[in-house]
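The structure appears below as structure tokens.
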Amino acid sequence: MLRNYLLTSLRNLYKNKLYTIVNLLGLTIGLSCVMLISLWILEQYSFDNFHPNGDRIYRVLENQYYSDGFVLTTSATPGQLAASLKTNWPEIALSSRVTWGDEKLFKVDNKVFKEKGYHADPDFLRIFNFPVIAGEGADALEEPGKILITTKMAEKYFGHTDVVGQMIRVDNEREVQIAGVMADVPDNTSFKFDFLLPLKDYEKNNDWLKNWNSNGIRTFLMTTPQSPNLNEIPDLKEYLKTVSDQDNADLLFQGLADMYLRYDYKDGKYQGGGRITYIRLFAIIALFIILIACINFMNLSTARASTRTKEVGIRRVSGATRGMLIRQFLGESLLLSIFAGVFAVVLVQLSLPAFNELFDAHIYLDFSKVGVWSLLLGITLLAGFLAGSYPAFFLSRFQPIEIFNKLGKQGKGANWFRKGLVVTQFAIATFLIVGTMVIYLQMNHIRHQNLGFQKENFIYMPVNGTLWDKYDLVKTELTNLPGVQSVSASNGLIYQWGNNTSSVSWPGKDPEASILFQTIPVELDFMETIGADLVDGRDFSAAFPADSTNFIVNERAAEMMGLQQAVGERITVQGDEGQIIGMVKNFRTNSLHVEQEPVILMHRPWKNFIFARLNTDDTQQTLGQIEKILATHNPAYPFEFSFVDKEYEKLYRTEARVGTLSRLFAILSIFISCLGLFGLATFTAQQRTKEIGIRKVMGASISQLSTLLSGEFLKLVIVGFVIAAPVAWLVMHDWLERFVSHIELSWWIFIMAAVLSISIALLTISLQTIRAASINPVKALRYE
Amino acid sequence: MIRIEKLKKVYRTEDVETTALNEVDITINQGEFVSIMGPSGCGKSTLLNILGLIDNPSGGAYHFLDHEVSKYSERQRSMLRKNNIGFIFQSFNLIDELTVFENVELPLIYTKVSSRDRKTRVEEVLERMNMMHRRNHFPQQLSGGQQQRVAVARAIVNNPKIILADEPTGNLDSANGNDVMKTLVHLNDEGATIIMVTHSQFCAEFGNRIIRMLDGQVVTENLLSKAARL
């Protein structure tokens, strides 16, 4: 029986090539999208899940409450917290501080490279499962002077991994001993590193770690097996108040499993977002796309049911039960979906490199894993089943008598169902068009937003090696270059300043007020270099020695302080008193996701980055000259620089990715929907040949007939739009609310989406309808 | 073998009620070859559908091989049908996507005959129908007469007790039509009961009884001598 089913299916697929191609193409694209997205989702869920005690591992977060109602949730914690929690709380078995990610210059013989790694306490390797394959493990992190490196790093510098005991030069200033070699860290970890240095090393140059009131390092904990969830221990939450002066702060413990997927805090509480939002979004998109492809199959199969009724009748008369026919038709859709599945796997394999690049993912099809096979097969069979179930029940329900009496016409129910499916397809497609347009416009809005500084022709270079000491000399030489307009420096990056404080007082300050200010230590010529506008007063100047204690505030800071005339007022920041000598127009200090922050600029020599404003048509030549100057003064370090505008774009990388992907998926979903529409239009035109012939004989013109034939489809597309528009409005309105500065959801976006979907649909069906309408009526009637 | 009493069939649409069969009584014995004649719309095809267990009557009784089947469900009818009845249609009704062999094989598949036995039996009937050389052809590649021979082969492959033929020669030229009729007679001689609906007096006379119908009722029944049909 199976052979018979298989043969009929194959021959049917072969005989109806157009429908087979339409279905196969739609299903292949749909399945590829679902496979890709599923693989990506699996990868996302696998993040940080390889630590055996993962359910007992927490990241410590701190909620800081300010008098203006703002709550800052941060994973920056005091340096004393980790050890103190472990000592004083029996529930906590292990604790480790971890830096945010350090770039260090390593040298072995003549091999010099920069590597990324962390400083961490010994418990780091006891909490997390990063296996050490040779030498010492956690103990190597007890005292300064030792380092753990990955096999990849060992191979890179030594050509082999038998390197325990060898020395490696760090930052061109000291030698450390390789105490152990670790396995390379997997791709699916939140910790990306090639070396681990003892935190005690870091402590030497960072005195603030001893201060309970300075937050600047991450703390990770592992509880005892018996411990309850740390968030359920009330006193633990309030612990900071008992050991520090941070009386506006409490602790929050984020489980390891949530660290990667669910970081989205506002008002001190998890808001349900984070990466998980995009996982949900793409899961829904995947479902949409496969649904659209399956709808094509359902529509075409049921529309063409009349061509199969004879077969159904003969089979029933020959003794087939309904169950047998259901199995046959389901088998047919499964067969098609298996073909599509095979093509889809090839397509996935081909598109993986581009997908990984776009998503910054590391997914690949590992055919040696049963899980991968099960996933691919599961998706394929599910799609086959979804697509085939309705047609199977629909086709098999015909009674032989209906078929032989030619009563096997489809009832109104089937017709409505099919119309409903087309409406669903176009509602989804329209939704995606609106979504794509809104994302595109918002990203454009961000790109052209007045940030308060000029991000073009603007580069920054990290300060390392001897650059700190030689800054003035380097600055003079750089400024002398014809392509360089001005040079300055600061301790943070233009779009992500790191320091903030609430320890600020000003004349007339409410003693209860506690407001968080961004503090930015800068060098001279900062305003000119970043291209910010002073609205009052002046920039820091070498002509005023007192400027080393003075301040410049932004408009927002002046407003928060309630100062009508800020310039000239004296304020105290973190214990240092000085005068406000200038007020700068607000400039963005972080992404547009967050409100404009109050900023205090101070003239301090804390330089982590040198900024240079370029003024040249030949950027390459100027960069070459800059490189030469830096190489002269800082020969041990390679020349590194970044364009601010490019880096700024990275702040919206997630949105940009979502934008690109939603654009891609919108195009694909419209394409698949149109494939279905094309198939249906072709079939309808064939079905209505006699009607068309009669109408032509009665005097109908080609345009009248085309309108008649197209009209019905267009109605469905319009209904789809009417359903999709309000949903799209709600969803996109919600998305835009995430941005402090965003576009308005104008009516014309929806009109354009409607025009677009109607035009595409019209274009798709026009060929078929015009061809049908142009047929010679004699031929049309003879055909019947 | 077949006995129907006061059999009724009424078709209802939203506004119209059409009586296709009105209190029909017929008895058909094993080994008979009955031809049913009458003008279009007289109810002969409806009668054949009910006799063939494709349709249910609206009233009256239908005894098929000692079963009262007038109230049977489609599933029960299907069971009886596939084991006892072979169908031959005017338009052959072969599945275009299956070869000659596969079309003939179809009833055996649904009665779960083993693959080896299927092969033997299909080849046997194809041999008998002189269609063996066309076993791998598709229906579109055959002439009308050949297609009907395949349909006959399919109808008899299961050794049914009854063969129902609905205008079996309607789509054939006279030579091919004649061939088909001779085949039916031959099958009848071998013991098969045959009920045939036809417009053609010539074909009807191949049977041993002619039932004439008009407006859903049997109007006459004539017995024919053996000699008349040969």
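The values are calculated or read from the model by the stated rules, or taken from the named source; none is laboratory data. A quick note: this is a predicted structure, and the numbers were derived from the prediction, not measured. Cβ atoms come from the backbone with ideal geometry, glycine included; neighbour counts cover every protein chain shown. We work out accessible area using only protein heavy atoms, side chains counted, and drop any ligands, DNA or RNA first. Shrake-Rupley method; radii C 1.70, N 1.55, O 1.52, S 1.80 Å.
Among the listed residues B:GLU32, B:GLU68, B:GLU17, which satisfies the condition of being under 21 Å from B:THR193 (Cα atoms), free of Cβ contacts under 8 Å to residues at least 12 places away in the same chain and more than 14 Å from chain A (Cβ to nearest Cβ)?
B:GLU68
Just to verify a result, which residue in segment A:577-620, among those that are surrounded by 17 or more Cβ atoms within 10 Å (Cβ to Cβ) and of a type in the set (Gly, Ala, Ser), is farthest from A:ASP525 (Cα to Cα)?
Filtering segment A:577-620 for residues that are surrounded by 17 or more Cβ atoms within 10 Å (Cβ to Cβ) and of a type in the set (Gly, Ala, Ser), the one farthest from A:ASP525 (Cα to Cα) comes out as A:GLY578.
Can you name the number of the only condition in (1) at pLDDT below 90; (2) of a type outside the set (A, V, I, L, M, F, W, C); (3) surrounded by fewer than 22 Cβ atoms within 10 Å (Cβ to Cβ) that A:GLN349 fails?
Here A:GLN349 meets the rest and fails (1).
If B:ASN130 passes every condition in (1) within 14 Å of A:SER318 (Cβ to Cβ); (2) open to solvent by 30 Å² or more (accessible area, probe 1.4 Å) but one, which one does it miss?
(1)
Quick one: count up the residues across segment A:242-261 that are open to solvent by 20 Å² or more (accessible area, probe 1.4 Å), of a type outside the set (D, E, K, R) and part of a loop (DSSP other than H, G, I, E, B).
1
Let me confirm something: among A:LEU358, A:LEU350, A:LEU334, which residue is part of a helix (DSSP H, G or I), under 29 Å from A:VAL422 (Cα atoms) and not aromatic (Phe, Trp, Tyr)?
A:LEU334
What pairs come up if the first residue lies in segment A:78-105 and is touching a residue at least 40 places away in the same chain (Cβ under 8 Å) and among the aliphatic types (A, V, I, L, M), the second is surrounded by fewer than 19 Cβ atoms within 10 Å (Cβ to Cβ) and in a strand (DSSP E or B), and their beta carbons are under 7 Å apart, counting only those six or more places apart or on different chains?
Sorted first by the residue in segment A:78-105, then by its partner, the pairs are A:LEU105/A:VAL112; A:LEU105/A:LYS114.
Considering only segment A:455-569, give the strands (runs of 3 or more DSSP E) lying wholly within it that have at least 1 residues that are open to solvent by 40 Å² or more (accessible area, probe 1.4 Å).
Fully inside segment A:455-569 and qualifying: A:484-490, A:534-537.
Answer with yes or no whether B:GLY52 is more than 10 Å from chain A (Cβ to nearest Cβ), open to solvent by less than 70 Å² (accessible area, probe 1.4 Å) and touching a strand residue (DSSP E or B) at 6+ places or on another chain (Cβ under 7 Å).
no
Quick one: A:GLY452 ticks every box in (1) part of a loop (DSSP other than H, G, I, E, B); (2) in the same structural domain as A:MET527 (by TED's automatic domain parsing); (3) of a type outside the set (Lys, Arg); (4) open to solvent by 10 Å² or more (accessible area, probe 1.4 Å) bar one, so which box is it?
(2)
When the residues of segment A:130-182 are filtered to those that are of a type in the set (D, E, K, R) and in contact with an Asp or Glu (Cβ under 6 Å, 6 or more places away or on another chain), which remaining residue is surrounded by the fewest Cβ atoms within 10 Å (Cβ to Cβ)?
A:LYS152
Taking the options B:GLN76, B:GLN90, name whichever one is open to solvent by 10 Å² or more (accessible area, probe 1.4 Å), more than 8 Å from chain A (Cβ to nearest Cβ) and without any contact (Cβ under 8 Å) to a residue 12 or more places away in the chain.
The match here is B:GLN76.
Going through segment A:361-372 one residue at a time, which ones are under 27 Å from the mean Cα position of the chain (by Cα) and in a helix (DSSP H, G or I)?
Within segment A:361-372, A:GLY371, A:VAL372 qualify.
So, in segment A:199-254, exactly how many residues are acidic (Asp, Glu), free of Cβ contacts under 8 Å to residues at least 60 places away in the same chain and over 23 Å from A:SER514 (Cα atoms)?
3
Could you say whether any residue in segment A:703-711 is outside the structural domain of A:VAL594 (by TED's automatic domain parsing), open to solvent by 80 Å² or more (accessible area, probe 1.4 Å) and among the hydrophobic types (A, V, I, L, M, F, W, C)?
The answer is no, given that none of the residues of segment A:703-711 is outside the structural domain of A:VAL594 (by TED's automatic domain parsing), open to solvent by 80 Å² or more (accessible area, probe 1.4 Å) and among the hydrophobic types (A, V, I, L, M, F, W, C).
Somewhere in segment A:317-326, is a residue more than 14 Å from chain B (Cβ to nearest Cβ), surrounded by 19 or more Cβ atoms within 10 Å (Cβ to Cβ) and either under 29 Å from the mean Cα position of the chain (by Cα) or over 30 Å from A:PHE683 (Cβ atoms) (or both)?
no
Of all residues in segment B:173-230, how many are among the hydroxyl-bearing types (Ser, Thr, Tyr) and outside any loop (DSSP other than H, G, I, E, B)?
4
For the subset of segment A:373-401 comprising residues that are open to solvent by less than 50 Å² (accessible area, probe 1.4 Å) and modelled with pLDDT under 80, which member is farthest from the other protein chains (Cβ to nearest Cβ)?
Among those that are open to solvent by less than 50 Å² (accessible area, probe 1.4 Å) and modelled with pLDDT under 80, it is A:PHE398.
Each row is one residue, and each column tells you yes or no for (1) open to solvent by 60 Å² or more (accessible area, probe 1.4 Å); (2) more than 12 Å from every other protein chain (Cβ to nearest Cβ).
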residue	(1), (2)
B:GLY86	no, no
B:LEU94	no, no
B:ASN103	no, no
B:ARG116	yes, yes
B:VAL125	no, yes
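Could you pull out the residue among A:ILE21, A:ILE57 that is more than 14 Å from chain B (Cβ to nearest Cβ) and surrounded by 19 or more Cβ atoms within 10 Å (Cβ to Cβ)?
Among A:ILE21, A:ILE57, only A:ILE57 is more than 14 Å from chain B (Cβ to nearest Cβ) and surrounded by 19 or more Cβ atoms within 10 Å (Cβ to Cβ).
Has segment A:279-286 got at least one residue that is part of a helix (DSSP H, G or I), open to solvent by less than 10 Å² (accessible area, probe 1.4 Å) and over 30 Å from A:PHE47 (Cβ atoms)?
So far as segment A:279-286 goes, no, none of its residues is part of a helix (DSSP H, G or I), open to solvent by less than 10 Å² (accessible area, probe 1.4 Å) and over 30 Å from A:PHE47 (Cβ atoms).
Out of the residues in segment B:105-114 meeting the condition of being among the hydrophobic types (A, V, I, L, M, F, W, C) and more than 8 Å from chain A (Cβ to nearest Cβ), tell me which one is nearest to A:TYR5 (Cα to Cα).
So the residue we want is B:LEU108.
Just one of (1) of a type outside the set (Lys, Arg); (2) more than 28 Å from A:GLY117 (Cα to Cα); (3) at pLDDT below 90 trips up A:SER227, so point out which.
(3)
Regarding A:ASP245, is this residue acidic (Asp, Glu) and in contact with a helix residue (DSSP H, G or I) (Cβ under 8 Å, 6 or more places away or on another chain)?
Answer is no for this residue.
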